[in-house]
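*Asks:* Please find one structure pasted underneath; my questions will follow.
Any read-out appearing in this document is the output of simple, stated calculations on the displayed coordinates, not a laboratory observation. Values in this document were obtained by computation on a predicted structure and should not be read as measured data.
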Amino acid sequence: MKILNLSLIIFLVSIPFAYSQLTLVKDINTGNEQSFAYRISVVCNGNAYFVANDGVSGHEVWKSDGTTSGTSLCKNIFPGNETCNPQAFGTDNKLVYFLANDSLHGNELWKTDGTVSGTQLVIDSKPGVANSKIYVPFNEYETFAFINEKNYFLQNDGLYETDGSSNGTKLLYSIPVSYDLEKHNNLIYFVGRVSFYDSIYVFNPTTNKIQAIKYNFRSPGSLVSTPIGLLVSDNDKLYNINSTLNTVTDITPVESISSYSLKNAASFHKGFYYFVATNRNDKLKPYLFRTNGLTGGTQVYANISLDNFSSYGYFKSEGDYLFFFYNSASSMPTELWRTDGTVSGLVKLDSYNSSSLNSISPAKNVVGHLRKIYYFGQKDDEISLYESDGTQVGTKPIALIDDGFASRQLTTGLMKLKNLLLFSAAVKSNKSIGEELWSFALPIDTKNNDLNEQIISFSPNPVHDKVKIEINSDIRCNYSIMNLCGVELVKDTELNNSRIISFEKFVPGIYFISLNLNGTLKCIKIIKE
């Protein structure tokens with residue numbers, strides 16, 4: 001097995017560039033005061049939701065459509081200038097759910113439609129000022145799971161569901177010490193502890209039934225939904241749960257593993273799930289693994305050979321590449337790499353003299369758009385917004401933020417709203433105001449803004465001979481077909497007018513159709529019978 005070593009040195013060629021324009025969305029806390037907008041986390045009905053302080057209401061829930069007039073406080077939940085401590089935002093694309101404290105009910109479940117009257121307490125699960133026991137994972141944006149207009153979440157006594165009303169919020173099943181909620185194939189999975197034993201439970205919203213998966217797990221955790229199955233780590237073991245066949249497959253690599261990072265430093269790309277795991281036989285050094293979800297299909301992809309790989313380094317699949325950041329030690333530069341999945345396709349793109357990029361919440365700080373990624377980077381004393389198309393020449397700063405930029409600014413995150421990037425910053429070009437909400441205009445795809453909105457359905461699945469892709473317009477679309485090993489069986493072929501893809505020549509098994517429309521990709525898992 002060939003192991004890639006990331007210790008090679010690549011020199012970048014300096015090229016001239018011009019900074020693009022940043023736009024102040026709104027001076028929320030007027031003057032040179034700070035609004036400290038953060039948790040810019042969900043988009044619902046054309047608005048991004050976040051937390052900000054206007055100097056009067058404290059830290060409360062705000063919304064913005066990217067314009068000054070469209071940026072407003074949803075409601076002053078905690079009266080006066082105290083904070084309601086809103087967190088764990090999630091959305092069913094109709095309402096936004098979050099946890100907040102209004103001084104009367106403790107930290108409880110709330111909802112908002114963006115209006116004052118529509119921002120309401122859902123239920124006071126712990127009467128009085130006591131806080132609810134809703135389970136909030138390390139990545140707080142994974143607190144809720146949404147299926148068929150129902151919101152599912154965990155408390156310390158079991159699995160709950162809500163339709164947004166007090167009467168429609170109820171305990172479904174009482175299972176002590178419940179944690180690690182994950183939605184997979186319209187089923188709800190979580191870990192529950194009964195009599196000192198941890199088991200993985202699965203709830204079917206259609207049948208309203210729950211059952212424990214019958215397998216001798218020891219200490220399961222880090223459930224993660226992928227196109228190749230529901231992956232779960234269990235101490236030094238790695239398993240794949242097939243929700244269709246109701247089977248558990250041991251996909252543990254041959255290396256002696258100490259721990260897995262399946263959610264933070266991980267991503268699915270071209271038929272494989274990439275993740276970081278530490279090798280017990282090599283001084284607990286981190287390695288980059290990938291798996292196709294099958295027995296014997298989990299292997300080392302790259303020997304990172306570093307003493308301190310940040311477990312929160314970003315992994316982002318965009319276009320042809322999987323991008324990731326890491327730094328070798330807390331005092332070393334953060335490096336950006338990309339891979340196309342091949343041995344020769346692993347390339348270092350750039351390095352930045354701030355390790356802060358690896359110390360912030362994953363998934364909310366690297367944005368993909370039209371085959372490029374966008375992120376913050378620091379060189380010397382300059383913090384800029386960067387973009388990368390996966391080439392060294394195409395990895396460059398595009399907007400200067402500040403030359404005295406505080407590291408805290410890197411924690412506020414990036415949010416894509418239509419063709420805008422939203423973020424909070426104290427920008428050098430406007431020193432008369434403090435840290436406020438800003439935007440950067442992304443390139444506009446005039447033919448298609450969102451492939452997910454265009455694709456209506458695909459059927460049948462499982463398939464015997466042909467799959468029909470239904471799209472609600474006459475736009476052109478190319479597709480590729482890969483097997484579980486990541487081998488392209490059909491490469492970049494234009495979808496015919498009938499929108500039918502033939503599977504007649506393929507043997508039974510699992511395949512992936514990658515639809516490509518102007519650089520926006522959607523991956524579909526197909527079972528051939």
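*Asks:* What Rg and what Dmax come out for segment 89-138 when only alpha-carbon atoms are used, in angstroms?
*Replies:* Cα radius of gyration and Dmax of segment 89-138 are 11.1, 31 Å respectively.
*Asks:* Right, here's the next one. In whole Hz, with x marking every Gly and Pro, tabulate ³J(HN,Hα) for segment 191-196 from phi via Karplus 6.51 cos²θ - 1.76 cosθ + 1.60, θ = phi - 60°.
*Replies:* Listing the rounded values in order: 9, x, 10, 10, 6, 6 Hz.
*Asks:* Which whole-number percentage describes the relative contact order of segment 225-274, with Cα contacts under 8 Å and a sequence gap of 6 or more? Write down the numbers at each step before the final one.
*Replies:* Working: 61 pairs, mean separation 16.0, N = 50.
So the answer I get is 32 percent.
*Asks:* Relative contact order of segment 54-194: what whole-number percent is it, with Cα pairs under 8 angstrom and at least 6 residues apart? All intermediate terms of the calculation are to be shown ahead of the outcome.
*Replies:* On the way: 319 pairs, mean separation 19.9, N = 141.
About 14 percent, as a whole number.
*Asks:* Please turn the phi angles of segment 289-294 into ³J(HN,Hα) values with the Karplus equation 6.51 cos²θ - 1.76 cosθ + 1.60 (θ = phi - 60°), one per residue in order, whole Hz, x for glycine and proline.
*Replies:* 9, 8, 9, 9, x, 9
*Asks:* For segment 56-154, report the convex hull volume of the alpha-carbon atoms normalised per residue, in Å³, without decimals. Mind showing how you got there, number by number?
*Replies:* Numbers: hull volume 10.7 nm³, N = 99.
It is 108 Å³ per residue.
*Asks:* Follow-up question, since we're still on this one. Would you mind giving the three semi-axes, in whole Å and largest first, of the ellipsoid equivalent to segment 173-330 according to its Cα gyration tensor?
*Replies:* On the way: eigenvalues 157, 61, 41 Å².
Each semi-axis is the square root of five times an eigenvalue, giving 28, 17, 14 Å.
*Asks:* Show the residues, 5+ positions off or on another chain, whose built amide H is closer than 5 Å to the amide H of Thr71.
*Replies:* Asp65
*Asks:* Follow-up. Return the lysines within reach of Lys528: Cα separation strictly under 16 angstrom, same-chain partners fewer than 8 residues apart disregarded; answer none if there are no such residues.
*Replies:* Here the lysines satisfying the reach criterion relative to Lys528 are Lys466, Lys468, Lys505.
*Asks:* Let me ask something else about it. What list of ³J(HN,Hα) couplings, whole Hz, do you get for segment 255-263 from phi and the Karplus terms 6.51, -1.76, 1.60, once you set θ to phi - 60° and write x for glycine and proline?
*Replies:* For segment 255-263, the Karplus curve yields 5, 7, 9, 8, 7, 10, 10, 8, 10 Hz.
*Asks:* What residues qualify as long-range amide H neighbours of Phe78, i.e. H under 5 Å apart, gap of 5 or more or another chain, H built at 1.01 Å from N?
*Replies:* Those lying under 5 Å, H to H, from Phe78 are Cys84.
*Asks:* Given the pairs Lys170/Lys214; Lys26/Lys133; Lys63/Lys316; Lys237/Lys270; Lys416/Lys525; Lys170/Lys525, which span a C-alpha to C-alpha distance of over 29 angstrom in this model? Kindly include the intermediate steps, with their values, before the conclusion.
*Replies:* On the way: Lys170/Lys214 26 Å; Lys26/Lys133 35 Å; Lys63/Lys316 26 Å; Lys237/Lys270 24 Å; Lys416/Lys525 26 Å; Lys170/Lys525 34 Å.
Going by Cα-Cα distance, Lys26/Lys133; Lys170/Lys525 fall outside the 29 Å limit.
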